[in-house]
Amino acid sequence: MELGVSVLSIKDNFKENIKKLDACNFDYFHIDIMDGEFVENSTWNIDEVKEFTSNLNHPLDVHMMVSDVSKYIDDFSIIKPKFITFHYEATDNHKYYIDKIHSYGVKAGIAINPDTDINLITHLLNDVDLVLVMSVFPGYGGQKFIKDVVSKIQILKKLQKNYNFVIEVDGGITDETIKYCDTDIVVVGSFITNGNYEHQINALNIKSLNL
């Protein structure tokens with residue numbers, strides 16, 4: 001299991017704390033992009049993200065919670081993340097946007113909300129590199145893990161044998177709820193960023209999980 005750290009909940013001394021976090025042991029910076037339309041909150045524009053990610057050592061995993069999927073793909077492909085993920089619920093042109101992400105040499109992910117049926121994305125599994133299962137409703141950090149999504153992860157694990165996508169889960173992950181997450185990547189935010197970064201990362205005990 002790989003660990004992505006969401007920086008959404010870092011409020012004070014942002015640039016300083018990003019640098020401190022970058023010195024820790026994890027796999028991806030998970031960058032949550034919200035537009036104030038698809039979800040109520042808004043986060044950073046591309047210029048702001050370019051500024052705080054320009055000298056980071058960790059690869060980037062961009063999660064777009066936006067309505068104008070095309071614009072944000074164009075914008076965020078510039079920073080060459082490993083993944084760009086958009087929401088199934090944001091558009092009807094899923095294959096078009098998957099191909100557009102790939103055209104920039106970036107891996108493409110599709111995200112689904114907790115109440116979105118897995119069957120709605122099965123026709124896309126041959127094309128995507130990542131499926132992001134939201135274990136909270138998108139829009140803000142610090143929410144509680146929705147246990148009902150575990151059944152979706154289990155379904156995807158079975159389907160995964162026939163495809164090449166990785167499974168990611170995001171939302172409400174702590175040292176307790178991570179036990180329910182039999183995924184390739186787990187995204188953790190406030191559990192890490194509201195405490196001592198290295199200590200909280202170690203508390204997740206990822207290497208000892210038999211997942």
Contact order normalised by residue count of the range 119-211, Cα under 8 Å, 6+ apart, percent: 28
Sorted peptide list for 169-176, 158-165, 33-40, criterion being average Cβ within 10 angstrom, highest first: 169-176, 33-40, 158-165
Percent RCO, i.e. relative contact order, over the chain, from Cα pairs under 8 Å lying at least 6 residues apart: 21
Normalised contact order of the range 1-116, rounded percent, pairs of Cα under 8 Å and 6 or more residues apart: 20
Filter on Lys71/Lys95; Lys107/Lys144; Lys19/Lys50; Lys19/Lys179; Lys107/Lys147; Lys15/Lys50 - keep pairs with C-alpha separation over 18 Å: Lys107/Lys144; Lys19/Lys179; Lys107/Lys147
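Readers should treat all values here as calculations from the given coordinates under stated rules, not as data from a laboratory. Keep in mind that this is a model prediction, so the values were computed, not measured. Quick reminder, even Gly has a Cβ in these numbers, built from the backbone with ideal geometry, and neighbours come from all protein chains shown.
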